[in-house]
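Notes follow once the structure below has been shown.
The values are calculated or read from the model by the stated rules, or taken from the named source; none is laboratory data. All figures in this text were calculated on a predicted structure; none of them were measured in a lab. Note: ideal-geometry Cβ built from the backbone for every residue, glycine included; neighbour counts use all protein chains shown. Calculation scope for accessible area: heavy atoms of the full protein, side chains included, ligands and nucleic acids excluded. Shrake-Rupley method; radii C 1.70, N 1.55, O 1.52, S 1.80 Å.
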Amino acid sequence: MALTVEAGLGAATWAAGLVHRGAVEAVAAGVGAWLAGDIECARRVFLDSALLGELGAGPIGAVSVLVFGALRVVEEALVEFRRSALGRLARTEEADV
């Protein structure tokens with residue numbers, strides 16, 4: 001959850017006026033929804049690839065794989081949002097000064 005919030009705030013640094021709380025919250029909510037979709041996609045890929053009966057035989061392992069998949073989705077997005085935000089911030093007038 002904390003990584004999702006951080007990704008949303010990273011996106012907000014370049015997609016919203018940071019002094020406008022509503023704009024920041026809207027961008028963060030959009031990022032959260034986007035990440036939820038990607039997590040669901042990763043979940044579906046895993047479940048579709050599991051053999052019949054395999055999930056029931058090792059439910060703890062299945063849950064671990066699902067959680068790890070969700071974590072990877074958010075971590076990868078966070079890296080991209082940070083890179084994008086830093087790149088955009090580096091091109092501002094304030095950064096040139």
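From the list 52, 9, 66, the lone residue that is touching a Lys or Arg at 6+ places or on another chain (Cβ under 7 Å), open to solvent by 40 Å² or more (accessible area, probe 1.4 Å) and at pLDDT below 90 is 66. Six or more apart or on different chains, Cβ atoms under 6 Å: show the pairs whose first residue is in the range 51-68 and within 22 Å of residue 37 (Cβ to Cβ) and whose second is open to solvent by 70 Å² or more (accessible area, probe 1.4 Å) and outside any helix (DSSP H, G or I). Pairs found: none. If you filter the range 15-41 down to residues that are among the aliphatic types (A, V, I, L, M), touching a helix residue (DSSP H, G or I) at 6+ places or on another chain (Cβ under 9 Å) and open to solvent by 40 Å² or more (accessible area, probe 1.4 Å), you find that the one that is nearest to residue 85 (Cα to Cα) is 15. Taking the range 23-97 and the helices (runs of 4 or more DSSP H) fully enclosed by it, the elements with 3 or more residues that are over 15 Å from the mean Cα position of the chain (by Cα) and charged (D, E, K, R) are at 93-96.
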